[in-house]
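First comes the structure, then the notes that go with it.
The values are calculated or read from the model by the stated rules, or taken from the named source; none is laboratory data. The shown structure was predicted, so the numbers you read here are calculated from the model rather than taken from an experiment. Here Cβ is always computed from backbone atoms with ideal geometry, including for glycine, and neighbour counts include all displayed protein chains. Side chains are part of the model used for accessible areas, which takes the heavy atoms of the whole protein and leaves out ligands, DNA and RNA. Shrake-Rupley method; radii C 1.70, N 1.55, O 1.52, S 1.80 Å.
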Amino acid sequence: AVLALLCGSAAAVVVWKWLGKRQIQKKMEEARRTRDEGLKKMAKAVQQFREQVPHVQTDAVLSLPLLELTGRLREGSLSPRTVLYTYLEKALEVTQQTNCLRHFIPECEEQLQDIQQQKEKGLLYGVPVSIKDHIGHKGHLSTCGLVQCLGTPVQEDSVLVKVLKSQGAIPFAMTNVPQSLFNYDCSNPIFGQTFNPFNHQKSPGGSSGGEGALIAGGGSILGIGSDIGGSIRLPSSFCGLCGLKPTAERLSVWHTRLLNVDVCSHLTPVPCALGPMARDVDSLALCMKALLCQEMFWLDPTVPPIPFDEEVYSSSAPLRVGYYDTDGYFPLPPCMRRAVRETREALQAAGHQLVPFSPPRIHYVMTELFLKTFFADGGRAWLDLFTGDIVDPSLKSQVNSCKIPRLGKKLLALILKPLRFFLLLKPKNVATLSTCRSVKEMWNHHHQIEAYRTEFIARWRELRLDVVLCPVLGPAFTTGYPGKLLTAISSTMLYNVLNFPAGVVPVSTVTEADEEELKLYQGCCDDPWDRTLKQVCNMESGCGGGPGGAGRPVAVQCVALPWREELCLRLMKEVETLSREK
């Protein structure tokens with residue numbers, strides 16, 4: 001009888017689990033069906049426009065830089081309707097190739113009518129804008145790639161979307177993201193993997209990977225992403241775009257879904273920042289100028305009322321630029337260091353003053369400050385996001401490491417203590433070790449971050465720097481590999497911990513010489529992490545943009561002190577101009 005009871009209980013558990021999984025599958029199928037129906041409706045609307053206006057010069061519209069496009073829209077030589085449907089058509093084409101769209105926004109047609117009623121034409125009048133999945137738009141889901149977020153549509157536009165609309169922009173699409181936003185690949189079990197438009201074996205980066213793929217593929221001229229460890233800058237690097245992570249509080253995050261891992265700036269010492277992504281620096285500057293307006297300051301009084309300083313951005317005064325080509329934590333591929341070296345030489349030749357700079361204690365920042373912010377509770381809050389969900393394969397190693405019981409983590413820490421040096425160099429699953437065991441320890445952790453910011457700014461001031469030039473992770477990784485190299489993001493993560501504005505500019509492409517040099521690459525220790533990086537970048541792995549791995553975009557990162565976004569953009573513009581001249 002006991003045996004029969006046990007067998008019955010086991011069978012009931014199996015059936016219960018099967019029913020749960022079946023329910024999850026149904027929800028995901030419904031979400032995919034809704035998305036596909038939306039795509040069909042948009043395709044039909046585009047077809048109708050084509051029939052009504054058959055002679056649109058699509059390539060001519062798509063090739064216009066944002067500044068020129070806005071000028072043509074404001075003077076009336078191009079209509080907002082023509083521009084919107086041209087980009088809708090291109091976005092449909094790009095998402096068929098890359099799976100970058102999570103949802104079209106059908107209300108964009110209503111917004112097209114609304115902007116005609118506006119008394120004044122805003123700075124983004126008639127510009128189609130794409131937004132990342134978790135930026136709230138009324139009447140639409142904000143999924144973060146999670147089944148538990150499929151239920152309730154957003155009830156109100158986020159402040160950022162309201163301001164975009166008030167400036168005449170037309171939000172027309174929401175883009176795909178990795179599950180829980182905690183990955184710099186772009187894959188989730190609901191909507192699948194997004195691919196790099198230049199090479200479909202490659203990741204577009206993440207977590208703003210859908211934005212990166214759509215803009216780089218030509219399906220959007222301006223997008224809004226978010227960044228808490230590099231989520232604007234990494235897709236920009238992987239896809240050859242310009243992207244800006246502002247100081248976190250410079251743009252409003254109100255009514256944006258912020259998960260436990262992508263949390264609100266008021267609750268964590270490493271805050272989430274929203275920012276623009278585009279094909280050139282002037283587009284980023286125009287977007288910031290449009291957003292930093294009285295409407296935003298009124299809708300969100302926690303945003304400092306600091307308008308965009310055009311004088312700083314347009315200045316031609318020589319800059320004092322700090323530079324480094326490695327942070328000493330995660331050695332980047334040779335092409336990324338070459339990009340910094342060549343950019344440094346170009347800036348120097350253009351009359352700027354270049355000063356060697358070394359960011360302090362990156363190993364400490366990565367393990368004790370950044371990762372501990374997100375795994376202070378051993379990852380329990382993050383794990384809760386996956387309750388009643390299917391874990392994406394790219395996140396399984398991190399999820400499994402968080403599931404290790406606390407006693408197991410303590411034993412693991414004890415065993416690995418003699419290898420602490422190697423853990424500091426490249427911790428694969430530091431989440432198992434970096435925890436705060438009490439409220440006191442958490443407050444101390446917050447204090448340590450503030451102390452580090454003070455130390456970093458003191459070193460910056462000592463050298464009298466205006467800005468800093470440094471590397472960014474790249475070139476684009478093969479899909480699936482970002483999850484195996486979580487801690488490779490030290491180059492971007494640093495400026496989230498510091499909450500400094502930081503932007504990425506493409507300056508070059510991978511060359512055959514870079515590929516030859518990569519064959520000799522050994523990293524720090526020639527350990528499994530170094531070998532994985534070599535494998536992911538190697539031309540023999542079949543992940544290049546041209547012959548071998550040549551042709552992939554190569555970028556640099558530009559940084560300024562908090563609230564100095566205009567100065568950061570000024571350096572980015574200078575770098576962009578010099579790289580184009582070269």
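Once C-alpha pairs closer than 8 Å and six or more residues apart are averaged by separation and normalised to the residue number of segment 224-353, the relative contact order reads 21 percent.
With contacts taken as Cα pairs under 8 Å at a separation of at least 6 residues, the chain carries a relative contact order of 16 percent. Sorted largest first by accessible area at a 1.4 angstrom probe radius, with every protein chain in place, the residues Ser315, Ser237 fall in the order Ser315, Ser237. Residues whose amide H comes within less than 5 Å of that of Val507, counting only those at least five positions distant or on another chain, are Val554, Ala555, Val556 (H built at 1.01 Å from N in the peptide plane).
The charge dipole of segment 125-250, taken about the Cα centre with unit charges on the Cβ atoms of Lys, Arg (+1) and Asp, Glu (-1), comes to about 160 debye, rounded to the nearest 20.
Across the chain the C-alpha pair distances fall into 10 Å bins from zero in the proportions 3, 18, 29, 27, 16, 5, 2, 0, 0 percent. Remark on Leu498: its backbone amide H falls under 5 Å from none of the residues 5 or more positions apart or on other chains, H modelled at 1.01 Å from N.
Which links in Lys119/Lys165; Lys245/Lys289; Lys21/Lys132; Lys90/Lys138 stretch past 18 Å when you go from one Cα to the other? Distance filter (> 18 Å) returns Lys21/Lys132; Lys90/Lys138. Counting only Cβ charges, +1 for Lys and Arg and -1 for Asp and Glu, the dipole size of the chain around its Cα centre is about 1720 debye.
The mean accessible area for residues of the chain, using a 1.4 Å probe and ignoring ligands and nucleic acids, is 40 Å² per residue.
Give me the log10 of I(q) over I(0) for segment 26-301 at q = 0.16 Å⁻¹, as the Debye formula computes it from C-alpha points; what are the numbers? After summing over all Cα pairs, the log10 values are -1.24.
For the pair Ile457 and Asp59, label points projected 7 Å from Cα toward Cβ lie 5.2 nm apart.
Hull volume per residue, based on the alpha-carbon atoms of segment 152-235 and their convex hull, is 108 Å³. Rounded to whole numbers, the Karplus 3J(HN,Hα) couplings from phi for segment 552-559 are 6, x, 10, 10, 10, 10, 10, 9 Hz, using 6.51 cos²θ - 1.76 cosθ + 1.60 with θ = phi - 60°, and x at Gly and Pro.
Using the average count of surrounding beta-carbon atoms within 10 Å as a protection proxy, the listed peptides 345-358, 290-303 rank, highest first, as 290-303, 345-358. Quick note on segment 17-126: its Rg to Rh ratio, both from C-alpha atoms and Rh being the Kirkwood radius, is 1.10.
Taking all protein chains together and a probe of 1.4 Å, list Asp227, Asp389, Asp309 from the most accessible to the least accessible.
These residues rank, largest area first, as Asp309, Asp389, Asp227.
For Thr478, nonlocal amide neighbours, meaning residues 5 or more places apart or on other chains whose placed amide H falls under 5 Å from its own, are Ser203.
So how much slack lies between Gln48 and Arg320, counting 0.36 nm per residue of separation and subtracting their Cα-Cα distance, in nm?
92.5 nm
Rg and Dmax of segment 347-409, both derived from C-alpha coordinates alone, stand at 19.5, 58 Å.
Ranking Gly523, Leu371, Ala43 by Cα position along the charge dipole of the chain, where only Lys, Arg, Asp and Glu carry charges on their C-beta atoms, puts Leu371 farthest toward the positive end. Counting only residues at least eight positions apart within a chain, or on another chain, the aspartates and glutamates with an alpha carbon under 18 Å from that of Lys396 are Asp185, Asp384. Here Lys40 is the anchor, and the aspartates and glutamates within straight C-alpha reach of less than 17 Å, apart from those fewer than 8 places off in the same chain, are Glu29, Glu30, Glu51, Glu89, Glu93, Glu107, Glu109. Relative to the Cα centre, the charge distribution of segment 26-301, modelled as +1 at Lys and Arg Cβ and -1 at Asp and Glu Cβ, gives a dipole magnitude of about 240 debye.
With all protein chains in place and ligands, DNA and RNA left out, the 1.4 Å accessible area ranks Arg233, Arg464, Arg35 as Arg464, Arg35, Arg233, largest first.
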